[in-house]
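Quick note: the coordinates plus some simple rules give every number you see, no bench work behind them. It should be emphasised that the depicted structure is a prediction, and the values quoted were computed from it without experimental measurement. All Cβ positions, even for glycine, are placed from backbone atoms using ideal geometry, and neighbour counts span all protein chains on display.
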Amino acid sequence: MDIELVAADSPTPEDRAAIIAALTRFNESQVGPSNMQPLVLLLRDAAGATVGGLWGRTSYDWMFIELLAVPEALRGKSFGTRLMRRAEAVAVERGCAGIWLDTFSFQARPFYEGLGYALFGEIAGHPRGGARYFLHKRLEPLPALK
């Protein structure tokens, strides 16, 4: 097989799809289907424009929250909490064991910890002078060890 390594200056959606397909085939051969389902919760203004919201997905019995954005003018008015609680309800409906997410030191770590999320990892210096934090919240207890 003749294979070369290429840095793609202009990757296509097909390039991404091919990489995802290769990884999905391997993952499913190891643990079965991921049952990936997206979750999108939107904050819309009176004109119907999306001004923020939550973007995530469930996969392999866990929810991953990729994005949470609440406009500065709406912060402190429970919109973030409502988005997170709704995501948690969806995760329970989908049978998830828990939720995980990441946030930067200049973002919302205290907010997530106030909702019961616990730190499980950190990358110091990402970005330089800051940190990236990884948090999770279990929605069901760990199974007993056999």
TODO: Please work out whether the stretch 33-138 counts as rounded, prolate or oblate from its C-alpha gyration tensor, where a ≥ b ≥ c are the square roots of the eigenvalues and a/c under 1.5 means rounded, while otherwise a/b larger than b/c means prolate and anything else oblate?
DONE: oblate
Open item on the list: Give me the Å³ per residue figure for the convex hull around the C-alpha atoms of the stretch 86-139.
Closed with: 70 Å³
Open item on the list: Taking the beta-carbon count within 10 Å as an exposure proxy, list E113, E4, E14, E88 from fewest neighbours to most.
Closed with: E4, E14, E113, E88
Task: Cα-centred dipole magnitude for the chain, charges only on beta-carbon of K, R (+1) and D, E (-1), debye, nearest 20 - done: 780 debye
Open item on the list: Can you compute 3J(HN,Hα) from phi for each residue in the stretch 31-37, using the Karplus curve 6.51 cos²θ - 1.76 cosθ + 1.60 with θ = phi - 60°, rounded to whole Hz and x for Gly and Pro?
Closed with: 10, x, x, 7, 6, 4, 9
- [ ] In nm, give the distance between the simple-model label positions of F104 and A22, each being 7 Å from the Cα along the Cα-to-Cβ direction.
- [x] 3.0 nm
Open item on the list: Assuming 0.36 nm per residue, please report the length gained on full extension of the stretch L115 to F134 beyond their Cα-Cα distance.
Closed with: 5.4 nm
Task: Calculated FRET efficiency for the pair R94/A7, C-beta based, R₀ 41 Å, to 0.05 - done: 0.65
TODO: Could you work out which residue, out of I99, I123, I19, moves most in a Gaussian network model of the chain, that is, has the largest mean-square fluctuation with Cα springs under 10 Å?
DONE: I19
Open item on the list: Which one, G114, A49, S78, projects farthest toward the positive side of the charge dipole computed for the stretch 33-138 from Cβ point charges (K/R +1, D/E -1)?
Closed with: S78
- [ ] Find the relative contact order for the stretch 11-146 and round it to a whole percent, using C-alpha pairs within less than 8 Å whose residues are 6+ positions apart.
- [x] 16 percent
- [ ] Can you tell me the order of 45-53, 66-74 when each peptide is scored by its average per-residue count of other Cβ atoms within 10 angstrom, highest first?
- [x] 66-74, 45-53
